[in-house]
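Asker: Following this message is one structure expressed as structure tokens.
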Amino acid sequence: MSGYHVAVLGATGAVGTKMLEMLEEATFPIASVKLLASKRSAGKVLSFKGQDIVIEETIPDSFVGVDIALFSAGGSISKEFAPEAVKRGAVVIDNTSAYRMDVDVPLVVPEVNEAALHTHQGIIANPNCSTIQMMVALEPVRKKYGLSRIIVSTYQAVSGAGISAINELKEQAQQMLNDEPVEAHILPAGGDKKHFPIAFNALPQIDVFSDAGYTYEEWKMMNETKKIMEDETIKVAATCVRIPVVSGHSESVYFEVKDNSATVFGIKHELEHAPGVILQDDPESQLYPTALTSVGKKETFVGRLRKDLDEELGFHMWVVSDNLLKGAAWNSVEIAESLHKLDLVRVPK
Ligand code: NAP
Ligand code: 3JN
């Protein structure tokens with residue numbers, strides 16, 4: 001084979017356009033790229049490695065001859081087209097929540113649980129962006145010292161909610177600066193009853209509310225963590241907050257280890273040698289990552305590591321990553337790299 005035939009579904013979106021950029025940097029062989037979206041974008045053109053590619057409307061037969069399909073057009077589109085793509089022989093890497101908690105679908109962050117790919121039946125799920133960066137930062141700690149509890153508060157960028165949310169932040173910022181009335185139509189959640197301004201604001205709601213007073217975004221973080229770490233006993237609580245930043249999710253993570261030999265020095269040593277992690281931590285010189293530090297980077301940045309002053313086994317850290325790259329497009333392309341490396345680009349019979 002001279003390379004894989006790759007399709008991107010949702011190619012015009014905030015995530016899809018980054019998938020195309022990440023495919024340009026991929027090291028696995030690519031023979032062709034097909035770009036899929038809705039009827040609205042059919043006929044428009046995007047460029048891949050200097051070559052114009054015409055966007056096509058997605059239909060079941062779009063996946064004939066496709067080896068790897070990257071999906072990022074929303075959960076209902078994945079539910080409709082992933083089985084069709086697999087039926088036609090494509091391995092689907094799905095960036096939505098449609099299949100994440102299915103028992104026969106691996107939920108993969110390559111730095112953490114690449115081996116789970118061996119069990120795939122045609123669909124592989126890419127976790128939620130906020131979960132991914134937390135897993136990259138916590139897995140080195142879990143491996144060395146064990147983990148019993150995580151309490152995370154997120155500071156999430158608007159690009160996580162799509163192109164329309166990015167536009168909303170920019171328009172509202174302009175309206176505020178011009179002393180004009182501010183209009184809110186999208187955030188905190190497109191499908192919810194009320195909308196609030198995001199410009200110069202912080203919204204303690206991402207996605208709509210679900211059980212026990214937690215939002216779906218918070219439930220995703222709690223459930224996905226247990227699945228990826230293969231440990232139902234880890235206690236996890238999340239509070240997810242939207243802030244007026246375009247890209248780069250930040251998280252304040254409190255965690256408790258099991259092994260009382262853990263020290264700040266020891267955890268820093270693990271993080272310094274961990275795949276996908278860049279440690280930027282020196283309070284003396286004000287060295288710590290900010291949201292902007294991560295933009296355009298594939299790694300997850302960690303700083304502000306410190307011991308809790310009351311809880312013997314407790315620590316705090318600050319974790320930042322580009323939500324559209326490691327949180328979505330890069331993790332998906334990295335999964336494709338892993339599938340190629342492990343010779344798993346095939347749908348089991
Ligand atoms: P977006 O900017 O709004 O883009 C949506 C994309 O989906 C566009 O390419 C759109 O194409 C396409 N689309 C919409 N309806 C379609 C249909 N009926 N058939 C085919 N394509 C259709 O959204 P986004 O931020 O890129 O997010 C897309 C999805 O990715 C989200 O819904 C979510 O499931 C997932 N996501 C995951 C994460 C994560 O945490 N891992 C983060 C963000 C998003 P048109 O140009 O034709 O409208
Ligand atoms: O808001 C964010 O920062 C991340 C959003 C992720 C998202 C947005 C719409 C639908 C998801 C996701 O991947 O969890 C979904 C979804 O597929 O459920």
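Every read-out reported here was derived from the displayed coordinates using simple, explicitly stated rules and does not represent laboratory data. Nothing here was measured: the structure is a model prediction, and the numbers come from that model. Virtual Cβ from ideal backbone geometry, glycine too; neighbours counted across all protein chains shown.
Asker: Quick one: if you stick a label point 7 Å off each Cα along the C-beta vector at residue 264 and residue 233, how many nm between them?
Answerer: About 3.0 nm separates the two model spin labels.
Asker: Right, here's the next one. Using all C-alpha to C-alpha distances in region 119-234, build P(r) with 5 Å bins and read off the rounded percent in each one.
Answerer: So the P(r) values, bin by bin, are 2, 10, 17, 18, 15, 13, 10, 7, 4, 2, 1, 0.
Asker: Using a cut-off of 9 Å between beta-carbons, work out the net charge of the residues near residue 69 (Lys and Arg +1, Asp and Glu -1, residue 69 not included).
Answerer: -1
Asker: Given contacts defined as C-alpha pairs under 8 Å and at least six residues apart, what's the relative contact order of the chain, whole-number percent?
Answerer: 19 percent
Asker: First select every other residue whose beta carbon is under 15 angstrom from the beta carbon of residue 98; then total the charges, Lys and Arg +1, Asp and Glu -1.
Answerer: Taking every other residue near residue 98 into account, the sum is -3.
Asker: List the relative contact order of region 100-203 as a percent without decimals, with contacts defined as Cα pairs under 8 Å and 6+ residues apart.
Answerer: 15 percent
Asker: Something else now. How much length would be gained if the chain were fully extended between residue 304 and residue 64, taking 0.36 nm per residue of separation minus their Cα-Cα distance, in nm to one decimal?
Answerer: Result: 81.5 nm gained on full extension.
Asker: If you don't mind, there's one more thing I want to ask. Based on the alpha carbons, how large is the Rg to Rh ratio for region 61-167 when Rh follows Kirkwood?
Answerer: 1.02
Asker: Then there is this: For region 228-349, what is Rg from Cα atoms divided by 2.2 N^0.38 Å, rounded to two decimals?
Answerer: Working it through for region 228-349, the quotient is 1.23.
Asker: Also, I was wondering about something else. When all C-alpha to C-alpha distances in region 39-92 are sorted into bins of 5 Å, what percent of pairs does each bin hold, rounded to whole numbers?
Answerer: Cα pair-distance distribution for region 39-92, in percent: 4, 19, 23, 25, 19, 8, 1.
Asker: Test of understanding: extend the Cα→C-beta vector of residue 311 to 7 Å, then name every residue of region 218-238 with backbone N under 15 Å from that spot.
Answerer: Under cut-off, by backbone N: 234-238.
Asker: A further question on this structure: For residue 212 and residue 38 in one chain, what is 0.36 nm times their gap in residues minus the Cα-Cα distance, to one decimal in nm?
Answerer: Full-extension gain reported as 59.1 nm.
Asker: Could you work out [θ]222 nm for the chain from helices alone, using -39500 (n - 2.57) per DSSP H run of at least four and dividing by all its residues? Round to the nearest 500 deg cm²/dmol.
Answerer: -8500 deg cm²/dmol
Asker: Turning to a different aspect of this structure: Would you mind working out the magnitude of the charge dipole of the chain relative to its Cα centre, with +1 at each Lys and Arg C-beta and -1 at each Asp and Glu C-beta, to the nearest 20 Debye?
Answerer: Computed charge dipole of the chain: roughly 560 debye.
Asker: Starting with the highest mean, order 94-104, 150-160 by the number of other Cβ atoms within 10 Å, averaged over the residues of each peptide.
Answerer: 150-160, 94-104
Asker: Also, quick follow-up: Where Rh denotes the Kirkwood radius from the mean inverse Cα pair distance, what is Rg over Rh for the chain?
Answerer: 0.97
Asker: How would you order 57-64, 289-296 from highest to lowest mean count of nearby Cβ atoms within 10 Å?
Answerer: The most tightly packed comes first, giving 289-296, 57-64.
Asker: Show me the GluC sites (Glu not before Pro) within region 213-243 that DSSP assigns to loop and that have at most 11 other Cβ atoms within 10 Å of their Cβ.
Answerer: Qualifying residues, ordered by number: 230, 232.
Asker: Please report, in debye to the nearest 20, how large the charge dipole of region 162-256 is about its Cα centre when each Lys and Arg carries +1 at its beta carbon and each Asp and Glu carries -1 there.
Answerer: Roughly 60 debye, rounded to the nearest 20.
Asker: Here's a follow-up. Could you name the lysines whose alpha carbon sits less than 24 Å from that of residue 268, not counting residues in the same chain fewer than 8 places away?
Answerer: Reachable lysines: 143, 144, 226, 235, 258, 297, 298, 307, 326.
Asker: Between 38, 285, 252, which gets the highest mean-square fluctuation from a Gaussian network model of the chain, Cα cutoff 10 Å?
Answerer: Top of the fluctuation ranking is 285.
Asker: Please find, in a Gaussian network model of the chain (springs between Cα atoms separated by less than 10 Å), the residue of 283, 181, 204 whose mean-square fluctuation is greatest.
Answerer: 181
Asker: With springs only between Cα atoms under 10 Å apart, run a GNM on the chain and tell me which of 149, 40, 88 wobbles the most.
Answerer: Highest fluctuation among the options: 40.
Asker: Between region 205-247 and region 185-200, what's the alpha-carbon centroid distance in Å?
Answerer: Taking the Cα centre of each part, region 205-247 and region 185-200 sit 19 Å apart.
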